[in-house]
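In what follows, a single structure is set out as structure tokens and then discussed.
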Amino acid sequence: MALPWLHDTQQRLAQSFRGQRFHHAQLFCGPIGVGKFELSDQLANALLCQNIVQQSAAANSILAPCGHCKSCLLTLAGTHPDKRLTQVDGQSIGVDDIRGISDFMNHSAAQNGNKVVVIKNCEKMTTAAANALLKTLEEPSNSRFLILTTSQAAQLPATILSRCAKTDIKVINTQLAQQWLESLQIKGYSWLPLFYSQPLQVKHWQEQSQLQSIDMLYKFATEFKQSHNFKVLVDIINKQPELVRIFTLFLSEQLKQQLMQGMSFDAYQIAQQALSEFLQNNTKILGLNLPLAVSRLAHILRNS
Ligand SMILES: [Zn+2]
């Protein structure tokens with residue numbers, strides 16, 4: 001999958017590789033859905049490719065796997081013994097996970113070449129895990145690479161940050177994201193520009209058939225202060241709880257517009273505070289009375 005907004009970053013990585021300045025520990029920071037993981041995966045596959053030197057020789061080239069050597073066939077099959085991915089959903093990355101990575105790094109490569117570890121959402125490392133990783137970071141070896149990704153760089157310990165080559169991954173030219181989404185037939189939604197910095201998040205919604213729901217949430221957010229019937233809204237959030245974050249984002253954007261149109265700053269702050277409490281309650285309180293929470297929020301926003 002070619003993600004055009006990543007091309008400049010990919011070129012810079014290839015440049016540092018050609019110049020033998022490529023750092024053994026890469027840290028990719030950026031919002032959810034910007035393509036950090038796709039970038040890491042392609043980079044990992046390239047570092048394992050037996051033809052990487054030829055592949056990256058030309059100026060302006062990027063680090064990409066050749067796709068046909070023995071290593072590439074193994075990565076394509078998802079069975080490359082020298083590639084390891086650590087990812088967790090929800091819970092934390094513990095010290096045992098990191099010890100497993102160190103063991104993996106210490107053993108010789110099965111394909112007689114590089115070994116690559118990708119740690120997704122590395123901010124989920126516990127303090128003990130981060131300390132255990134320091135040893136691997138501090139003893140670089142020529143043929144061992146670590147690629148970390150995070151959307152929460154501020155949560156990473158300074159000791160980890162200072163030992164990695166950090167790259168901020170972001171969509172600089174939003175037109176590239178817009179065109180890419182159009183090529184997926186995603187266009188015409190008024191809210192779409194809010195997510196040009198997270199194109200893969202939008203693609204994910206398309207794959208999950210959620211675009212329609214999000215469009216409805218947007219309409220609810222724009223009419224929220226005037227409406228009194230929240231049944232459909234509550235149904236959408238009940239069925240797809242992860243979308244409550246999107247709904248509050250839409251409401252927050254509405255408030256920003258109202259602030260620019262003359263809403264008092266005090267009222268604006270009260271409303272934003274109510275919004276973030278609403279979001280927190282939704283994610284933290286099990287069995288929350290959603291209809292009540294929604295109408296309370298509407299009441300506060302109406303009076304602000
Ligand atoms: Zn290859």
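The values are calculated or read from the model by the stated rules, or taken from the named source; none is laboratory data. Predicted model, so just to flag it, every value in this text is computed and none were measured. Every residue, glycine among them, receives a Cβ derived from its backbone with ideal geometry; neighbour counts consider all protein chains shown. Side chains included, ligands, DNA and RNA excluded: accessible areas come from the protein's heavy atoms. Shrake-Rupley method; radii C 1.70, N 1.55, O 1.52, S 1.80 Å.
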Query raised in the report: Accessible area of Asp89, 1.4 Å probe, to the nearest 10 Å²?
Result: 130 Å²
Query raised in the report: Which of Lys187, Lys256, Lys36 moves the most in a Gaussian network model of the chain with Cα springs under 10 Å?
Result: Lys256
Report task. Provide the gained length on full extension for the span Asp96 to Thr159, in nm with one decimal, where the gain is 0.36 nm per separating residue minus the Cα-Cα distance. Result -> 20.7 nm
**Report entry** For Ser197, net neighbour charge (Lys/Arg +1, Asp/Glu -1) across residues whose Cβ lies under 13 Å away
**Finding:** +1
**Report entry** Net charge of Cβ neighbours under 14 Å - reference Ser92; Lys, Arg +1; Asp, Glu -1
**Finding:** -2
Requested in this report: Sort region 183-304 into rounded, prolate or oblate with this rule: let a ≥ b ≥ c be the square roots of the eigenvalues of the Cα gyration tensor; rounded if a/c is under 1.5, and if a/c is not under 1.5, prolate when a/b is larger than b/c, oblate otherwise.
Outcome: oblate
Report task. Could you do me a favour and compute the accessible area per residue for region 208-303, 1.4 Å probe, result in Å²? Result -> 59 Å²
**Report entry** Cut-off under 5 Å, modelled amide H: who pairs with Ala25 long-range
**Finding:** Leu146, Ala165
Query raised in the report: Leaving out ligands, DNA and RNA, what percent of the accessible area of region 4-168 is carbon and sulfur, probe 1.4 Å?
Result: 48 percent
Query - Taking all pairs of distinct alpha-carbon atoms in the chain, Kirkwood radius in angstrom - result: 21.8 Å
Query raised in the report: Around Ile119, which amide H atoms from residues at least 5 apart in sequence, or from another chain, sit under 5 Å from its own amide H, with H modelled in the peptide plane?
Result: Thr86, Ile147, Leu148, Thr149
Query - Helix-only mean residue ellipticity at 222 nm for the chain, each DSSP H run of n ≥ 4 adding -39500 (n - 2.57), per residue, nearest 500 - result: -15500 deg cm²/dmol
Query raised in the report: Label points 7 Å out from Cα along the Cβ direction at Glu223 and Ile32: separation in nm?
Result: 2.8 nm
**Report entry** Selected from Ala132, Ala154, Ala64 as most flexible by GNM, with the chain as the system and alpha-carbon contacts under 10 Å
**Finding:** Ala154
Report task. Ignoring everything but the protein chains, give the 1.4 Å probe accessible area of Cys49 in square angstrom, nearest 10. Result -> 10 Å²
Report task. Quick one: what are the phi-derived ³J(HN,Hα) couplings along region 143-159, Karplus 6.51/-1.76/1.60 with θ = phi - 60°, whole Hz, x for glycine and proline? Result -> 10, 10, 10, 10, 10, 10, 10, 7, 9, 10, 4, 5, 7, 7, x, 4, 5
Report summary line: Phi angles of region 168-177, converted by Karplus (6.51 cos²θ - 1.76 cosθ + 1.60, θ = phi - 60°) into ³J(HN,Hα) in whole Hz with x for Gly and Pro, give 7, 9, 8, 7, 8, 9, 5, 4, 5, 5
Query raised in the report: So how much accessible area does Asp8 have, in Å² to the nearest 10, using a 1.4 Å probe?
Result: 100 Å²
Query - By accessible area with a 1.4 Å probe, ligands and nucleic acids excluded, highest first: order of Met260, Met125, Met1, Met216 - result: Met260, Met1, Met216, Met125
**Report entry** Accessible area in the full protein assembly, largest first, 1.4 Å probe, for Thr9, Thr174, Thr283
**Finding:** Thr283, Thr174, Thr9
**Report entry** Top of Ile285, Ile101, Ile93 by mean-square fluctuation, Gaussian network on the chain, Cα under 10 Å
**Finding:** Ile285
Requested in this report: Assuming a ≥ b ≥ c are the square roots of the Cα gyration tensor eigenvalues, decide whether region 47-91 counts as rounded (a/c under 1.5), prolate (otherwise, with a/b larger than b/c) or oblate.
Outcome: oblate
Query - Given charges at beta-carbon only (K, R positive; D, E negative), |dipole| of region 208-303 in Debye - result: 140 debye
